[in-house]
Every structure is written in structure tokens, then in C-alpha cells.
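Take a look at the structure below.
The values are calculated or read from the model by the stated rules, or taken from the named source; none is laboratory data. Small disclaimer: the values here were computed from a predicted structure and weren't measured. Using ideal geometry, Cβ is built from the backbone for each residue, glycine included, and neighbour counts are taken over all protein chains shown.
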Amino acid sequence: MVKLCAVCGMGLGSGLLVKMGIERVLERHGYGRNDFRVEIADISTARSMSPDIFMTTAEFAKSLRDVNAEVLTVKNLFDESEIEATLMDVFERILNEKK
């Protein structure tokens with residue numbers, strides 16, 4: 001299972017929308033809930049989490065420079081086509097490494 005974390009400013013409503021976007025992208029590629037788990041975090045709590053992948057904006061990624069995870073950045077956290085283009089290669093590589 002690949003653990004992902006959607007990081008946004010407050011980690012509330014916008015985080016939930018990003019989480020749902022990531023889930024829709026992965027499900028469109030045929031992955032099920034046994035393949036991934038998406039959590040939500042604001043930038044202040046994200047550093048205490050240990051996902052395989054963080055998805056955030058370039059602004060928030062600066063605070064995640066030294067974490068032990070892939071940090072993927074997108075310009076628009078709500079654009080599913082941008083999420084897909086940024087996420088899929090890394091997600092599939094990590095999933096294959098875990099098998």
C-alpha cells in the first residue's frame with residue numbers, strides 16, 4: 001500500500017477536495033483502496049507524518065525539503081489532470097517497490 005498525504009494551508013475543506021481528487025485519479029487508473037491511502041494535513045502537521053508521497057504546492061514544498069518521502073508539487077491542487085501527470089509515475093514506481 002502506498003501512503004499519500006495531501007498538504008494544504010489549513011488541511012480542512014481544501015485538503016478534503018485534494019484527497020478526493022487524488023483518489024479519483026488513482027481509481028481511474030484501476031487502483032483500489034487496498035493499493036493506497038490518502039491522508040490530509042496542514043503544513044504545520046505534515047512534517048510529523050510519514051507517507052510515501054506528499055502532494056502539495058511549490059510554496060508548501062519548501063517546508064518539506066528534508067522529509068523522507070517523495071514531495072510532488074502541482075500549481076493547482078484541484079486540477080485532476082495536473083495531479084495525474086505529476087503523480088502516476090511516482091505512485092506506480094513506489095507501489096512496485098513495495099511488492
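Listed values, structure above:
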| quantity | calculated |
| --- | --- |
| Subset of segment 1-24 [closer than 17 Å to Ser63 by Cβ and either of a type outside the set (S, T, N, Q) or modelled with pLDDT of 90 or more (or both)] | Cys5, Ala6, Val7, Cys8, Gly9, Met10, Gly11, Gly15, Val18 |
| Test: residue in segment 57-66 that is in a loop (DSSP other than H, G, I, E, B) and either exposed (fewer than 14 other Cβ atoms within 10 Å of the Cβ) or of a type outside the set (Val, Ile, Thr) (or both) | yes |
| Residue in segment 36-45 that is farther than 21 Å from Asp66 by Cα and without any contact (Cβ under 8 Å) to a residue 24 or more places away in the chain present | no |
| Those residues of segment 3-24 which are surrounded by fewer than 20 Cβ atoms within 10 Å (Cβ to Cβ), in contact (Cβ under 8 Å) with a residue 40 or more places away in the chain and of a type outside the set (Gly, Ala, Ser), in sequence order | Lys3, Leu17, Arg24 |
| Segment 62-85 residues that are without any contact (Cβ under 8 Å) to a residue 60 or more places away in the chain, paired with ones that are outside any loop (DSSP other than H, G, I, E, B) and surrounded by fewer than 12 Cβ atoms within 10 Å (Cβ to Cβ) (beta carbon under 6 Å, 6 or more apart) | Thr73/Ala58 |
| Scan of segment 29-56 for residues that are closer than 13 Å to Cys5 by Cα, modelled with pLDDT of 90 or more and part of a loop (DSSP other than H, G, I, E, B), ordered by number | Ser48, Met49, Ser50, Pro51, Asp52 |
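For (1) at pLDDT 90 or above; (2) in contact with a Phe, Trp or Tyr (Cβ under 7 Å, 6 or more places away or on another chain); (3) over 22 Å from Met1 (Cα atoms), each residue gets a yes or a no:
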| residue | (1), (2), (3) |
| --- | --- |
| Leu26 | yes, yes, no |
| Asp66 | no, no, yes |
| Val71 | yes, yes, no |
| Glu80 | yes, no, no |
| Phe91 | yes, no, no |
| Lys99 | no, no, no |
